[in-house]
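Quick notes on the structure that follows.
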Amino acid sequence: MKKLAAALAAFVLATAALVPGLASDASAGAFKGAVDVRERVEAHDTDAYDVVFRGGQLAAVSVSGDGDTDLDCFVYDEDGSLVAKDDDSTDECRLTFRPQRSMRYRVEIVNLGGVYNAYHLRTN
């Protein structure tokens with residue numbers, strides 16, 4: 001997971017100038033603005049992303065998998081409290097919540113299957 005976070009941070013730094021509206025705080029490892037990532041999570045593994053959502057505004061997280069395994073999605077606030085989840089038996093996850101204040105949230109994508117799952121993660 002740490003390897004993925006480091007690779008993702010490097011990718012964001014390398015592409016932030018090319019993608020309008022995308023900037024990052026490399027020291028904090030957080031995204032500012034919408035996230036749109038295509039990645040794959042290995043079998044029985046978890047990918048995690050730090051995303052900043054604004055207080056008072058509807059926060060939305062969408063995960064679309066490749067159909068091979070069950071993916072679950074969990075969102076935790078800075079204190080580690082679970083604020084939203086989609087843990088049904090599909091690889092399509094849709095989460096919405098309204099943060100009381102702006103802060104960094106951790107979005108975790110969990111692969112419950114025995115093979116990798118290529119997914120598309122989007123946030124607002």
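The values are calculated or read from the model by the stated rules, or taken from the named source; none is laboratory data. Model, not experiment: these values are computed from the prediction. Positions of Cβ are backbone-derived with ideal geometry, glycine not excepted, and every protein chain shown enters the neighbour counts.
Laid out as a table, the results:
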{"item": "Test result for R94, modelled with pLDDT under 95 and exposed (fewer than 14 other Cβ atoms within 10 Å of the Cβ)", "result": "no"}
{"item": "Per-region count, the range 94-124, residues farther than 16 Å from F53 by Cα, in a loop (DSSP other than H, G, I, E, B) and not small (G, A, S)", "result": "3"}
{"item": "Qualifying positions in the range 49-74 - among the small types (G, A, S), surrounded by 15 or more Cβ atoms within 10 Å (Cβ to Cβ) and more than 13 Å from D36 (Cα to Cα)", "result": "A59, G65"}
{"item": "Scope the range 34-76; condition under 15 Å from M103 (Cα atoms), of a type outside the set (A, V, I, L, M, F, W, C) and touching a Lys or Arg at 6+ places or on another chain (Cβ under 8 Å); matching residues", "result": "Y49, D50, G55, G56, Q57, Y76"}
{"item": "So V52, is it more than 13 Å from T123 (Cα to Cα) and either of a type outside the set (G, A, S) or at pLDDT 95 or above (or both)", "result": "no"}
